[in-house]
1. Return yes or no: is Ile154 of a type outside the set (Phe, Trp, Tyr), surrounded by 15 or more Cβ atoms within 10 Å (Cβ to Cβ), out of contact with any Gly (no Cβ under 8 Å at 6 or more places or on another chain) and at pLDDT below 95?
2. Looking at the stretch 223-242 only, could you name the residues that are part of a helix (DSSP H, G or I) and closer than 16 Å to Arg124 by Cβ?
3. How do the pairs read when you match residues in the stretch 185-204 that are within 16 Å of the ligand (Cβ to nearest atom) with residues anywhere that are of a type in the set (D, E, K, R), using Cβ under 6 Å and keeping only pairs 6 or more apart or on different chains?
4. Given the conditions (1) over 30 Å from Pro47 (Cβ atoms); (2) away from the ligand (no atom under 16 Å from the Cβ); (3) of a type in the set (A, V, I, L, M, F, W, C), and given that Val140 satisfies all but one, which numbered condition is not satisfied?
Amino acid sequence: MKVDGFVKSGSVSRNGHNNIPQVSNNLNIDLIGDNHIGTAIDTPMRPDAFEKSDEEKMVIIEDRFRDIMETLGLDLTDDSLSGTPQRVAKMYVQEIFNGLNPENKPKISVFENKFNYGEMLVERNINLNSTCEHHFLPIVGKAHVAYIANGQVIGLSKINRIVDYYARRPQVQERLTVQIASELKKILKTEDVAVVIDAKHMCVSSRGIEDESSSTVTAEYGGVFNSKERRDEFLRYVSLGK
Ligand SMILES: [Zn+2]
């Protein structure tokens, strides 16, 4: 197989002559990953995504993760490592990726806006922990959300729950931002929703370009937030007390 400077990652293929697994020379894989290009608003899911139970998924992932660790040369009989495949499987299915399953979507009830509060409501500095879908490394940051009620309001903590639900998936930050905004628009029956996310990507700080200080800001503005005044007002609230 021709090997050039671009061969860093890719799927494994078999070389016809000696049957040794080779890393394929797929430049596109690195291009998409390092530029963090997302391809769709909806999380790309297989049609059979939920045919297996969580328990079945954990058994398979544990098995495959053990293979990864052993391939790296780790000794799984060591006490410190022996439980890792099981811990990773549980963490993937029940914790950091449990937002893939619509059954785990938070149940949100809306209330009538009794106070007729017609101004902007801002929930800022919402903790955000997600995972980059290109490298399976953490995305850590803050989300700031605002809406103007159109007759209906939701409990404040519910905004945090929605952020958390969509964050618990392999993600690209742009898609996460849009998914949170569109869910809130649906629940609150208004276009007047704004979402800003400011986050650090471990795949940028600890590999690739190794930039420790940069963070990525993404924003989605709907309805009145497309006006400069409303947008500036929102951003002023978000920066209060910084
Ligand atoms: Zn990444």
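The values are calculated or read from the model by the stated rules, or taken from the named source; none is laboratory data. Everything numeric here is computed off the predicted structure, so don't read it as measured data. No Cβ is skipped: glycine too gets one built from the backbone with ideal geometry, and neighbour counts run over all protein chains shown.
1. yes
2. Correct list: Phe225, Arg230, Arg231, Asp232, Glu233, Phe234, Leu235, Arg236, Tyr237, Val238, Ser239.
3. Close Cβ pairs (under 6 Å, with a partner that is of a type in the set (D, E, K, R)) amount to Val204/Asp211.
4. The one condition Val140 does not meet is (2).
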